[in-house]
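Down below is the structure, laid out as structure tokens.
The values are calculated or read from the model by the stated rules, or taken from the named source; none is laboratory data. What you see is a predicted model; the values in this text were computed from it and never measured. Backbone-built Cβ (ideal geometry, glycine too); neighbour counts: all protein chains shown. The accessibility values were calculated without ligands, DNA or RNA, using every heavy atom of the protein model including side chains. Shrake-Rupley method; radii C 1.70, N 1.55, O 1.52, S 1.80 Å.
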Amino acid sequence: MGLFSSLFGGGKKKKVSKETVETRGVHMPDLNLPVDEKFTIHFKKNGGKFLYCDSFEEVSEAMKNIVEENHWEETPFFVMDPRLEEKFSKENITFTHKTNASEVFFTTCEHLIAQNGSILVCSNQLKEKKLSELPENVIVFATTSQLVESIGEGLKAIKKKYRQGIPANITTIKHFQATNENADDFLTYGSSSKHLYLLLLEDL
């Protein structure tokens, strides 16, 4: 993985200056970067908080820090995926299945989109709910194998994975405020901005 290996002990990588990334126009071609590095740049530029973890022990420590940072010790996490409850059952977290009983939504995702730093989700994560109906704070647990280049690639992967029936309610979560660039993105039209943490576990 490009950025992750360069940050955490890998070989030398060509550095891209902050100015180069931030001064490129929205319609200019993407920099020729590895998919993981491109996702990280866009995701952080969108305002998301990114925590890369080499092991589940590091995921556990990162979750603990998130809870302490936001004083969520007494806040139950709204969750719709029973697998998350099982995986994090030993953490000092309580869960609820009622949206209005929490200010934090804890979820998985389908894919991480490098093209624009967004999180691709569907009814497997959201059921029938709209993003605007979910808590303002979102914690996403994902793995590096879920990184894809574009929304189109993510949709193709969903279609291939769920051949017996493509899930409904497919959308993307983004943290940044709406811009002209996003106005033409049908997957994010009308979605609300979220305060988002990404717990990314290395699995490649």
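With a threshold of 32 Å on the Cα-Cα distance, the over-threshold entries among LYS45/LYS87; LYS38/LYS90; LYS64/LYS159 are LYS38/LYS90; LYS64/LYS159. Please give the net charge around ALA157, taking every other residue with its beta carbon less than 13 angstrom from that of ALA157, where Lys and Arg add +1 and Asp and Glu add -1. Net of charged neighbours comes to +2.
Too long at a 20 Å Cα-Cα cut-off: which of LYS98/LYS129; LYS98/LYS130; LYS129/LYS194; LYS129/LYS161?
Working: LYS98/LYS129 12 Å; LYS98/LYS130 14 Å; LYS129/LYS194 15 Å; LYS129/LYS161 22 Å.
Listed pairs above 20 Å: LYS129/LYS161.
Computed packing ranks the peptides 103-110, 156-163, 65-72 as 103-110, 65-72, 156-163, most packed first, by mean other Cβ atoms within 10 Å.
Solvent-accessible area assigned to carbon and sulfur over segment 38-95 amounts to 46 percent, based on a 1.4 Å probe.
Relative protection proxy for 166-173, 50-57, from highest mean packing down: 166-173, 50-57 (other beta-carbon atoms within 10 angstrom).
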